[in-house]
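Structure first, commentary second.
The values are calculated or read from the model by the stated rules, or taken from the named source; none is laboratory data. In this text the structure is predicted, and so the values were computed from the model without any measurement. Every residue, glycine among them, receives a Cβ derived from its backbone with ideal geometry; neighbour counts consider all protein chains shown. The accessibility values were calculated without ligands, DNA or RNA, using every heavy atom of the protein model including side chains. Shrake-Rupley method; radii C 1.70, N 1.55, O 1.52, S 1.80 Å.
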Amino acid sequence: MRLNVTVNGEARQADDVWEGESLLYVLRERLGLPGSKNACEQGECGSCTVYLDGTPVCSCLVAAGQAEGCEVRTVEGLAEGDQLDRVQQSFVDAGAVQCGFCTPGLVVAAHDLLKRVPNPSDPEIREALAGNLCRCTGYEKILDAVRLAATR
Amino acid sequence: MTSPTRETTKGGVGDSPLRPDGTLKVRGEFAYSSDLWHEDMLWGATLRSPHPYARIRSVDIGEALKVPGVYAVLTHNDVPGTNLYGLEHPDQPVLAVDVVRYHGESIALVAADHPETARRAIKKIKVDYEVLTPITDAEAAVGPDAPALHNGGNVVRKVHIERGDQHATADVVVSGVYEVGMQDQAFLGPESGLAIPAEDGGVDLYVATQWLHVDQKQICFALDLPTDKVRLTLAGVGGAFGGREDLSIQVHACLLALHTGKPVKMVYNREESFYGHVHRHPAKLYYEHGADRDGTLRYVRCRIYLDGGAYASSTPAVVANAATLGIGPYNVDNVTVDCWGAYTNNPPCGAMRGFGAVQAGFAYESQMDKLAAALGIDPVDVRVRNAMSEGSVMPTGQVVDSAAPVEELLRLVKERPLPPATDGPLDLTAMPGGVSNTTHGEGVVRGVGYAVGIKNICFSEGFDDYSTARLRLQVINGEPAAVIHTAAAEVGQGLVTIQQQIVRTELGIDQVTVHPADTTVGNGGSTSASRQTYVTGGAVKAVCEAVREKLLKLAVARFGEPRSELSAPDVVAVLGDDVIEETVEWRHRPTTALDPDTGQGFAHVQYGFAAHRAVVDVDVDLGLVKVVELACAQDVGKAMNPQAVLGQIHGGSTQGLGLAVMEEIQVSGGKVRNPSFTDYLIPTVLDTPPMPVDVLELADPHAPYGLRGVGEPPTISSTPAVVAAIRAATGLALTRVPVRPEHLTDTQSPSA
Ligand code: FES
Ligand code: FES
């Protein structure tokens, strides 16, 4: 099938999409946007988190066809040119990035949290990020990064 | 005593400059091995055994070959070289021949134009198995009656250590039998890589690994190609923790690429990842501690059985670690240790953060608590009474010849103020059971537990452990600029940052670029054993010294007089249009093998120590545990990058927490029952508590900058501290990790 989808503000088309493909697969393998990650492909880790019509979703759980006509915003669409989004900059500054495989998903999840809750409490941050696994950091520096971003 | 360094360089040693790859990673633009793409590339897939032990009568690939879009279906017949690989002993077939020895063993490969096509073709391969009865118990496997799984029997390695009186007695004796379940590294970036066939008949492989050169060696052996025909470049690595030290897709992807003449990408999904790498050895440990009434240890005797699974991997070295570190960071004159690594039909086990020291650590720390309870002594006091220090003697006879601040680390975590009881407004996320709303505090009991651990740093037992660094220095845009090149794998820990820091400090220049790690430079050794900052850091320091020496010689010619220091403008003046390039191999001081009869020897380069205090809340009705706080104190010799040091301690502590209360690959009858993140749980941000850290910097005079490897020690003491806290809350014996809810309620008692 042919898929029409707006990604990071740009109208995109993918041809020969097999019905079983996920939105994550189409983004990564057909649209040249591998920033969203594929750590589990079963909705458990959050590394594939993207905005779908403004709501964060696990793109591995979205069938490509479900995104037809939708707006998708991925981690690649958060920075303005060279200017990182405050969440991205805070992750770098706070040392919240080690291997970084969880980072794209966490950045999108934290970005969404701060849009909804400008000054989140620690329990609010923890709850918002509970769907995103990180194996490297023990989350301490990730919490620091979100706290830092909230002040910026 | 620290080697002399220039203290103040911005972004140098001791500072925490930003990671050079951080911006790419937060933008989603860092190229991980699973992100690679090539024009015209194919996708590879692997057929794996559904049986833990079976004879293969036949393999029929006919139907798979007929699937449209399939380019190749390969079996062991297509392996051109020796169909074996392995880190220490090549005993694992690249593709199984007539027997499979574990659930998930590779049998055949497919390359196709879509990953789903490849997976469907895999399902069309027909294998006729004669299912055999698996051997699944490590202790039984090394016993006299077990049938041999490999020529030479089921003992991968046995280490015996004896020191002092082998028949010592004591006033108070405590004994226990402990079990450690099979933990998974669960790095987030799946095994993956891209193999590109080259015109010279060789292959270029881009892969996530921990050790490029040992991969290269094994690939050459299997493909029957010389080293210069197999070129590896490190692709972005999404975590490792030991799980990438053995081969996964490496030989398979190269085989498919060479066979089809096309680039081949392989990416495991999460289920296949659980089959595709080795795990932490499950263990059964029998301990007996004898002590005086004041708590002074008289003797320790133990027997440790480590389940190596179907193939050797790094089991021999894990056995040595568990044995030599088997009694923990304590002074004991009379020690007997027997440690076996066994072949079984369980999944192969090898390297995981802590590497043998974790299993022993759970047992000896549980014993120290048991001893404290038997004597009515405070658990920290009994540890302090026996704590080793600089000058102490290991069971191997090795004198610990740098700081061993075991007592101080314990005091640091003990003296920290305790977190307040949860009494304020109800925050469900702080309760056992969390937002499942299983309790509002009723039935919840708090406990506090302590543990301390010891880990060897770098490779041991006489291994020629070195790294290679190449540095190129020239003037670019009027500034001196360095390119540092090693084959050492950045896996997330921040080695790339450390390399830049060392060059800045040693040469006093700002612009330092880290060249991608590849096999065009010499061996960097493994990113394991907490060794890269030590060994590759040592190599980078050494190559800087070589470059500086050259610069100083040139400076004599340029300035007509010798100088001891050169500023950046001096370097520019000296260099002009010249380029200086130096390559240096650097080794740490040598170690020796263990005596085969007594286990005595100077086996380890360096020891690292960490202590934890865990505070837990346990819902005793439901058996749910919430770790409230996990404080750590660790000696790092020199905090090369304080922010990265904390990152290692937090991450390591959390993996230890995972082993304590949730992480286990469930294997029954040799079959893996939970190969997914739905069923194999790793700590989320809600499971992970605040982790305050005290860092000591007691320089090791033998190490570059006095540093001590950081990555592993926190993974060792974290697990027993959490379990000690649960014991304190519940009064239960808890002899097995992970502790499961049924161990805490009456529904099922712990196994021992
Ligand atoms: S890859 Fe989508 S949740 Fe893990
Ligand atoms: S930084 Fe590696 S998984 Fe989070």
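One table, with the values for the structure above:
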{"read-out": "Odd one out for A:G46 among (1) of a type outside the set (S, T, N, Q); (2) within 16 Å of ligand 1 (Cβ to nearest atom); (3) within 15 Å of A:C102 (Cα to Cα); (4) not in a loop (DSSP other than H, G, I, E, B)", "value": "(4)"}
{"read-out": "Residue check, B:D621 open to solvent by 10 Å² or more (accessible area, probe 1.4 Å), in the same structural domain as B:T439 (by TED's automatic domain parsing) and more than 23 Å from the chain's Cα centre (by Cα)", "value": "yes"}
{"read-out": "Residue check, B:C339 modelled with pLDDT of 95 or more, in contact with a Ser or Thr (Cβ under 8 Å, 6 or more places away or on another chain) and surrounded by 22 or more Cβ atoms within 10 Å (Cβ to Cβ)", "value": "no"}
{"read-out": "Filter pass, A:F91 being under 16 Å from B:T23 (Cα atoms), in a loop (DSSP other than H, G, I, E, B) and either among the aliphatic types (A, V, I, L, M) or touching a residue at least 24 places away in the same chain (Cβ under 8 Å) (or both)", "value": "no"}
{"read-out": "Leading residue by the ranking (nearest to ligand 2 (Cβ to nearest atom)) among those in the stretch B:184-241 that are over 19 Å from B:H38 (Cβ atoms), of a type in the set (D, E, K, R) and open to solvent by less than 30 Å² (accessible area, probe 1.4 Å)", "value": "B:D184"}
{"read-out": "Residue in the stretch B:256-276 that is in a helix (DSSP H, G or I), without any contact (Cβ under 8 Å) to a residue 60 or more places away in the chain and more than 16 Å from ligand 1 (Cβ to nearest atom) present", "value": "no"}
{"read-out": "Strands (runs of 3 or more DSSP E) wholly inside the stretch B:59-166 that include at least 3 residues being open to solvent by less than 60 Å² (accessible area, probe 1.4 Å)", "value": "B:70-74, B:106-112, B:155-163"}
{"read-out": "Qualifying position, being within 29 Å of B:W211 (Cα to Cα) and among the basic types (K, R), among B:R558, B:R563, B:R531", "value": "B:R531"}
{"read-out": "Of the criteria (1) within 11 Å of ligand 1 (Cβ to nearest atom); (2) touching a residue at least 24 places away in the same chain (Cβ under 8 Å), which one A:V75 fails", "value": "(1)"}
{"read-out": "Contacts under 6 angstrom Cβ, first residue in the stretch A:97-109 being in contact (Cβ under 8 Å) with a residue 40 or more places away in the chain and of a type outside the set (K, R), partner near ligand 2 (Cβ under 7 Å from one of its atoms) and part of a loop (DSSP other than H, G, I, E, B), 6 or more apart", "value": "A:F101/B:L188; A:F101/B:G238; A:C102/A:C134; A:C102/B:L188"}
{"read-out": "Within the stretch A:124-135, tally of residues that are more than 7 Å from every other protein chain (Cβ to nearest Cβ) and part of a loop (DSSP other than H, G, I, E, B)", "value": "3"}
{"read-out": "Residue check for A:Y25: of a type in the set (F, W, Y) and open to solvent by less than 40 Å² (accessible area, probe 1.4 Å)", "value": "no"}
{"read-out": "Every pair of residues 6+ apart whose Cβ atoms lie under 7 Å, when the first sits in the stretch A:27-39 and is free of Cβ contacts under 8 Å to residues at least 60 places away in the same chain and within 17 Å of A:G77 (Cβ to Cβ) while the second is away from ligand 2 (no atom under 16 Å from the Cβ) and part of a helix (DSSP H, G or I)", "value": "A:L27/A:S59; A:L33/A:L27; A:L33/A:E76; A:P34/A:R28"}
{"read-out": "Residue check, B:L657 within 13 Å of another protein chain (Cβ to nearest Cβ) and of a type in the set (A, V, I, L, M, F, W, C)", "value": "yes"}
{"read-out": "Filtered residue count, the stretch A:96-123, keeping only those that are in a loop (DSSP other than H, G, I, E, B), near ligand 2 (Cβ under 10 Å from one of its atoms) and not hydrophobic (A, V, I, L, M, F, W, C)", "value": "2"}
{"read-out": "Some residue of the stretch A:73-88 being at the interface with chain B (Cβ under 7 Å from one of its Cβ atoms), surrounded by fewer than 24 Cβ atoms within 10 Å (Cβ to Cβ) and among the charged types (D, E, K, R)", "value": "yes"}
{"read-out": "In the stretch B:174-198, the residues that are away from chain A (no Cβ under 14 Å) and either within 16 Å of ligand 1 (Cβ to nearest atom) or under 23 Å from B:S718 (Cα atoms) (or both)", "value": "B:V174, B:S175, B:G176, B:V177, B:Y178, B:E179, B:V180, B:G181, B:M182"}
{"read-out": "Meets criteria (surrounded by fewer than 23 Cβ atoms within 10 Å (Cβ to Cβ) and outside any helix (DSSP H, G or I)) for B:I327", "value": "no"}
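This table checks each residue for (1) within 13 Å of the chain's Cα centre (by Cα); (2) within 20 Å of B:E191 (Cβ to Cβ); (3) away from ligand 2 (no atom under 16 Å from the Cβ); (4) not β-branched (V, I, T).
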site: A:V17; (1), (2), (3), (4): no, no, yes, no
site: A:A39; (1), (2), (3), (4): yes, yes, no, yes
site: A:Q42; (1), (2), (3), (4): no, yes, yes, yes
site: A:S59; (1), (2), (3), (4): yes, no, yes, yes
site: A:V62; (1), (2), (3), (4): no, no, yes, no
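The rows are residues; the columns are (1) in contact with an Asp or Glu (Cβ under 6 Å, 6 or more places away or on another chain); (2) within 14 Å of chain A (Cβ to nearest Cβ).
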residue	(1), (2)
B:L24	no, yes
B:E39	no, yes
B:L47	no, no
B:R55	yes, no
B:G81	yes, no
B:E88	no, no
B:H103	no, no
B:D113	no, yes
B:A118	no, yes
